[in-house]
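Report on one structure; see the data block that follows.
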Amino acid sequence: MIGLSDAPHLDEAVMQSLERVRAFIDARLDAAVEVSPAASPRLVDSMRYALLAPGKRLRPALVLWAASACANDAAADADRSREKAWELATPAALAVEMIHAYSLVHDDLPAMDDDDLRRGRPTCHRQFDEATAILCGDALQAFAFETLAEGMPATTAARACLVLARASGAESLVGGQADDLAAERGWVSDMTTAPASEQVAWLERIHRRKTGALFSAALELGGLAVAAGPHQLAMLAAYGQAFGLAFQIADDILDAEGTEAAVGKRVGKDVERGKLTFPSVIGLGASRERAADLAREAVEAVAGMGPAADDLARLALWIVRRNH
Ligand code: GRG
């Protein structure tokens with residue numbers, strides 16, 4: 001099992017593994033959103049623009065690596081076992097990236113975060129127009145569920161749609177975004193004057209829903225695709241909890257310290273808006289320590305899966321060291 005002692009080769013190994021996922025998934029995303037004579041060409045262009053932009057593809061990676069970690073059969077050829085698991089998990093990997101891409105397009109809109117730069121390119125509403133960007137997000141969201149319903153076997157499709165819907169809806173992604181906006185715009189009581197422990201609890205609750213839920217869904221969907229057992233699903237869930245929070249703390253640190261060129265989006269905006277972040281509440285040093293502890297927790301959560309979960313373990317360690 002991967003440990004912190006592997007750190008010197010970690011970046012290279014994760015980059016290679018993510019590159020393999022990117023090549024696999026981008027070809028399938030590209031094929032999925034092909035120009036349909038029934039759809040508006042401008043809308044399809046905007047969907048392709050948002051979906052195929054150079055993101056890290058973390059969520060598809062979690063789906064595929066969860067599937068290969070659960071499917072790995074010691075007696076079988078590891079490469080064949082992984083290939084089969086990835087094919088089974090492909091509809092779920094495409095669907096989570098569609099939900100993620102839609103959420104970024106809508107988050108960047110003037111009515112929300114009002115951003116001009118995303119994934120190193122003009123945001124969707126800047127490249128096209130606001131109405132097209134709204135419709136692009138709407139269409140990507142519907143397309144995610146179409147992809148799952150059509151691509152998963154009938155025995156798991158309904159469960160998979162439920163998992164993704166719960167992670168995307170009012171209790172999770174959209175709900176977390178709504179509460180974040182409510183705090184920023186003063187529609188609820190001001191958290192910036194609350195005691196630090198309450199601020200940390202509030203931040204964790206927002207991020208668990210806004211970001212963590214989709215990561216957890218990605219892992220669960222990867223498991224479901226290969227009929228993982230309850231013990232494997234529990235390991236993935238524990239990994240997802242720790243991974244999601246580690247990712248978010250690292251994202252806050254990047255917003256405070258990263259450069260726009262490396263991150264591919266505007267940085268420093270949280271501080272500019274007086275938003276609560278982990279560094280602003282507990283400080284940069286404590287944020288780094290907390291993120292590293294959570295990454296170790298994630299590694300331990302999947303230790304029982306052995307080398308089949310090495311990609312998951314490495315990703316958790318890398319996520320708190322990345323610069324983008
Ligand atoms: C609009 C319904 C709705 C929700 C928006 C995703 C989201 C909720 C807001 C995005 C704002 C943000 C920067 C959140 C921090 C976490 C996050 C989702 C970062 C971007 O994810 P990465 O780093 O992006 O995986 P790439 O581009 O690599 O895929």
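The values are calculated or read from the model by the stated rules, or taken from the named source; none is laboratory data. Note that this is a predicted model, so its numbers are computed, not measured. When we count neighbours, we look across all protein chains shown, and the Cβ atoms used for this are built from the backbone with ideal geometry, even at glycine. Only protein heavy atoms, including side chains, enter the accessible area calculation; ligands, DNA and RNA are left aside. Shrake-Rupley method; radii C 1.70, N 1.55, O 1.52, S 1.80 Å.
Of the trypsin sites (Lys or Arg not before Pro) in the range 141-247, the ones in a loop by DSSP (not H, G, I, E or B) with at most 13 other beta carbons within 10 Å are 185.
FRET efficiency for residue 39 and residue 16, Cβ-Cβ distance as r, R0 = 45 Å, nearest 0.05?
Working: r = 36 Å, r/R0 = 0.80.
FRET efficiency, residue 39 to residue 16: 0.80.
When 324, 106 are compared by accessible area at a 1.4 angstrom probe, the order from most to least is 324, 106.
Along the range 295-311 the Karplus relation, 6.51 cos²θ - 1.76 cosθ + 1.60 evaluated at θ = phi - 60°, assigns HN-Hα couplings of 5, 5, 4, 5, 4, 5, 4, 9, 4, x, 8, x, x, 4, 9, 4, 5 Hz to successive residues, with x for each Gly and Pro. Comparing 191, 152, 47 in a Gaussian network model of the chain, where Cα atoms under 10 Å apart are tied by springs, the biggest mean-square fluctuation is seen for 191.
Could you provide, to the nearest whole Å², the per residue accessible area of the chain with probe 1.4 Å?
On the way: 14270 Å² over 324 residues.
With all protein chains present, the chain gives 44 Å² per residue.
In this structure residue 112 has an accessible area near 60 Å², from a 1.4 Å probe over the protein heavy atoms.
Mind ranking 239-248, 59-68 by how tightly packed they are, going by the mean number of other C-beta atoms within 10 angstrom, highest first? Please list the in-between numbers first.
On the way: 239-248: 24.6, 59-68: 29.0.
Top of the packing list down: 59-68, 239-248.
Classification of the range 214-265 by its C-alpha gyration tensor yields a prolate form. The axis ratio a/c (a ≥ b ≥ c) is 1.5 or more, and a/b outweighs b/c. Taken one residue at a time, the phi angles of the range 203-213 give Karplus couplings (6.51, -1.76, 1.60, θ = phi - 60°) of 4, 4, 5, 4, 6, 4, 8, 6, 10, x, 4 Hz. Gly and Pro are set to x.
Is the C-alpha gyration tensor of the range 22-173 telling us rounded, prolate or oblate? Criteria: a/c under 1.5 is rounded; beyond that, a/b larger than b/c is prolate, otherwise oblate.
Values: a/c = 1.94, a/b = 1.84, b/c = 1.06.
Prolate.
Residue separation of residue 166 and residue 31 scaled by 0.36 nm, minus their Cα-Cα distance, works out to 45.9 nm of gained length. Each other residue within a Cβ distance under 12 Å of residue 174 adds +1 if Lys or Arg and -1 if Asp or Glu, for a net charge of -1. Give me the distance between the Cα centres of the range 154-230 and the range 115-133, rounded to whole Å. Cα centroid of the range 154-230 versus Cα centroid of the range 115-133: 24 Å apart.
Toward the positive end of the charge dipole of the chain, about the Cα centre and with charges on Cβ (Lys, Arg +1; Asp, Glu -1), which of 111, 165, 228 goes farthest? Towards the positive end, the residue furthest out is 228.
With the full set of protein chains in place, find how many percent of the accessible area of the range 4-319 is carbon and sulfur; take the probe as 1.4 Å. Please report the intermediate quantities before stating the final value.
Values: 7460 of 13800 Å².
Answer for the range 4-319: carbon and sulfur cover 54 percent of the accessible area.
Taking the charge dipole of the range 23-99 about its Cα centre, with +1 at Lys and Arg Cβ atoms and -1 at Asp and Glu Cβ atoms, the residue from 91, 65, 43 reaching farthest to the positive side is 43.
Diagonalising the gyration tensor over the Cα atoms of the range 4-319 and scaling each eigenvalue by 5 before taking the square root yields semi-axes of 29, 26, 18 Å, largest first. Judged by the gyration tensor of its Cα atoms, with axes a ≥ b ≥ c, the range 141-239 is oblate; a/c meets the 1.5 cut and b/c is at least as large as a/b. Mind checking which of 189, 168, 17 has the largest fluctuation in a GNM of the chain, springs on alpha carbons under 10 Å? Largest GNM mean-square fluctuation: 189.
Loop-located GluC sites (Glu not before Pro) across the range 12-59 with a Cβ neighbour count of 12 or fewer within 10 Å are 34, with loop assigned by DSSP. In a reduced charge model with +1 at each Lys and Arg Cβ and -1 at each Asp and Glu Cβ, the chain shows a dipole moment near 200 debye about its Cα centre.
Coupling constants for the range 86-94 follow from the phi torsions by the Karplus curve (6.51 cos²θ - 1.76 cosθ + 1.60, θ = phi - 60°), and in residue order they are 5, 4, 4, 8, 4, x, 5, 5, 5 Hz; glycine and proline get x.
Relative to one another, the C-alpha centroids of the range 24-96 and the range 254-324 are positioned 24 Å apart. The residues 202, 187, 318, sorted by heavy-atom accessible surface at 1.4 Å with ligands and nucleic acids left out, run 187, 202, 318 from largest to smallest.
Residues whose amide H comes within less than 5 Å of that of residue 117, counting only those at least five positions distant or on another chain, are 123, 266 (H built at 1.01 Å from N in the peptide plane). For the chain, a Gaussian network of Cα nodes joined below 10 Å ranks 299, 200, 226 by mean-square fluctuation, and the top entry is 200.
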